[in-house]
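Where a number appears in this text, it was derived from the coordinates with a stated rule and is not lab data. All values derive from a computational prediction rather than experimental measurement. No Cβ is skipped: glycine too gets one built from the backbone with ideal geometry, and neighbour counts run over all protein chains shown.
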Amino acid sequence: MFIRRIAVIGTGYVGLTTGACLASLGHRVVCADVDVEKVERLTRGEVDILEPGLPELVAEGIASGRLSFVVGAATAVGAHDGGAEVVFLCVPTPMGVGGLADLKAVESVVDECRSLFAEGCVIVNKSTVPVGTTVLTSELLGRPDISVVSNPEFLREGSAVKDFLNPDRIVVGCDDQDAAERVAALYSRLGAPTVLTDAASAEMVKYAANCFLAMKLSYVNAVAELCERLGANISDVTEGMGYDRRIGQSFLSPGPGWGGSCLPKDTHAMLQVADAADFEFRLLRATIDTNDRQRQRMVDKIRLAVTGKRNGSLSHVRIGVLGLTFKAGTDDLRDSPALAVAALLKQAGADLVGYDPAMGVGSSAAVGMDVVDDPYLAAKDVEALVVLTEWPEFRTLDWAKVAGLVRQPVVVDTRNLLDPDVLSRAGLKWTGLGGHR
Ligand code: UGA
């Protein structure tokens, strides 16, 4: 395996994980960020995102001398002797106007570094960008000696390091076969199946995969609703479906809807791209609509559980919320379904108090409700306790103690996380999703 001199531009989830993991594979990696203080913290080995294994990998990389941090893309690109051979662009591509990805950050790195990139280097786009962006970036760059390659990432927050080092596949797209192979070779030690293709197809793989995952979840949430109406049990249904190897057991858990920084952004962007291409992507539209409806469904379920009526009032009803992040194992609140449901509950007049293992009391303003640092405080005097994020520690709460704290013994579990028998023995009335028992 060739050891390459690599620059990684952007030290967010994707950039930092990519940089630290590539260094652990033996490459020499310089990571850049525009945030001076962040670079100082990272240089001291301080990682400020919650990502299992990442702090250890960063510390190892620094100690081995293979990983370092600098301010500014230009510094990173020229930091190695002879310049970086491979430059990874891992800058944010937030949802921009009309649901399309906003590419300002990619453009600004290209502008800043155009004349500084080493001759014949390869630029790799890791960010999720609309189909066509890799070719566009190449045109914008205007350096015939440099190939721009699409190499989408498939990391999940909360297991990014594990996903990077044990990938299901590596996808590399570029019309320049030699550049694509050079990028694929960076990962050769991982032994993953590798798809070498053109740039547009590589970009499409990422969108198609994320939209498919979103569709799988919206489908499961819709089936769960039907299970409730027909007296079936969604857990047995998904287990039975999942043994079919063409379907698989993963990504079949019903919940309050899918969220996070990726699936909502990517589904909207794909829909936008389809519209622009004059293609009516009804299946994807329905996937998004089903997800939007899911949040209101959760509120309806809570309303019924608390008041016993479909149209009961939640005005001044005190509700404890367990879990605020978009999923367990992360401190990320972006597009969190938990916060979306909480906002609807507030709109309906409820008084909320929240607890999340990853959030401190200082986060009250960020989440729009009182946040406490103890789950039992979130249960005190509430008329319902609602689980919105699937943190495993909620399963092992002292439910008898919870029963002694609440004003009404109602627990609504939007993740089917808790053991209904344990709650029932504690005297609590448990409601889950999809007829789960
Ligand atoms: C997602 C994809 O899973 C990654 O493969 C992809 O690389 C990443 O987006 C990205 O584009 O960067 P992530 O956003 O970290 O990863 O989160 P997921 O684990 O996919 O969860 C997304 C949402 O679906 C969460 O709100 C989660 O709670 C929900 N979910 C997931 C369910 O409701 N049920 C499930 O069975 C699984």
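Counting charges near P420 (Lys, Arg +1; Asp, Glu -1) among other residues having Cβ under 12 Å from its Cβ returns a value of +1. Taking 22 Å as the straight-line reach from the Cα of K380, the lysines in range (excluding those fewer than 8 positions away in the same chain) are K301, K346, K401, K429.
3J(HN,Hα) along the range 356-373: 8, x, 9, 10, x, 4, x, 8, 3, 5, 5, 10, x, 7, 5, 10, 10, 9 Hz, from the Karplus curve 6.51 cos²θ - 1.76 cosθ + 1.60 with θ = phi - 60°, whole Hz, x for Gly and Pro.
For the range 235-246, putting each phi into the Karplus relation 6.51 cos²θ - 1.76 cosθ + 1.60 with θ = phi - 60° gives couplings of 5, 5, 5, 5, 5, x, 5, x, 5, 6, 4, 6 Hz, in residue order, rounded to whole numbers and with x for Gly and Pro. Using a/c under 1.5 as the rounded threshold, could you call the range 289-431 rounded, prolate or oblate? The axes a ≥ b ≥ c are square roots of the C-alpha gyration tensor eigenvalues, and prolate needs a/b larger than b/c, oblate otherwise. Rounded shape, in that the Cα axes give a/c under 1.5. Residues whose amide H comes within less than 5 Å of that of V122, counting only those at least five positions distant or on another chain, are V86, V87 (H built at 1.01 Å from N in the peptide plane).
Using C-alpha pairs below 8 Å separated by at least 6 residues, the relative contact order for the chain is 12 percent. Only Lys, Arg, Asp and Glu carry charge here, each on its Cβ (+1 for the first two, -1 for the last two); on that basis the chain has a dipole of about 1380 debye about its Cα centre. Computed from the Kirkwood radius of its Cα pairs, the Stokes-Einstein diffusion coefficient for the range 26-75 at 20 °C and 1.002 mPa s stands at 194 µm²/s. Centre-to-centre, using Cα atoms only, the range 74-135 and the range 139-193 are separated by 14 Å. Helical content alone sets the calculated 222 nm signal of the chain at -12500 deg cm²/dmol, taking -39,500 (n - 2.57) per DSSP H segment of four or more residues and averaging over every residue. Each 10 Å bin, from zero up to the one with the longest distance, holds this percent of the alpha carbon pairs of the chain: 4, 20, 27, 23, 16, 8, 2, 0.
Applying both filters, DSSP loop and at most 11 other Cβ atoms within 10 Å, to the GluC sites (Glu not before Pro) of the range 63-145 gives E119. When restricted to Cα atoms, the range 5-197 yields an Rg and a Dmax of 15.3, 45 Å, respectively.
Spatial offset of the range 358-437 relative to the range 295-340 amounts to 11 Å, using the alpha carbon center of each.
Once backbone amide H atoms are built at 1.01 Å from N, V387 has L322, V412, D413, T414 as its partners under 5 Å, excluding neighbours fewer than 5 places away on the same chain. Taking θ = phi - 60°, what integer Hz values does the Karplus form 6.51 cos²θ - 1.76 cosθ + 1.60 yield along the range 176-193, in sequence order, with x for Gly and Pro? For the range 176-193, the Karplus curve yields 8, 4, 5, 5, 4, 5, 4, 5, 4, 5, 4, 9, 4, 5, 7, x, 8, x Hz. Peptides 14-21, 146-153, 401-408, ordered by how many other C-beta atoms sit within 10 Å of their residues on average, highest first, read 14-21, 146-153, 401-408. Sparse packing (at most 13 other Cβ atoms within 10 Å of the Cβ) combined with a DSSP loop state is found for the following trypsin sites (Lys or Arg not before Pro) in the range 249-353: K309, R310. Near V361: Cβ cut-off under 10 Å, other residues only, Lys/Arg at +1 and Asp/Glu at -1. The net charge is -3. A convex hull fitted to the Cα coordinates of the range 153-200 yields 67 cubic angstrom per residue. In a DSSP loop and with at most 12 other Cβ atoms within 10 Å, the chymotrypsin sites (Phe, Trp or Tyr not before Pro) in the range 248-328 are F279.
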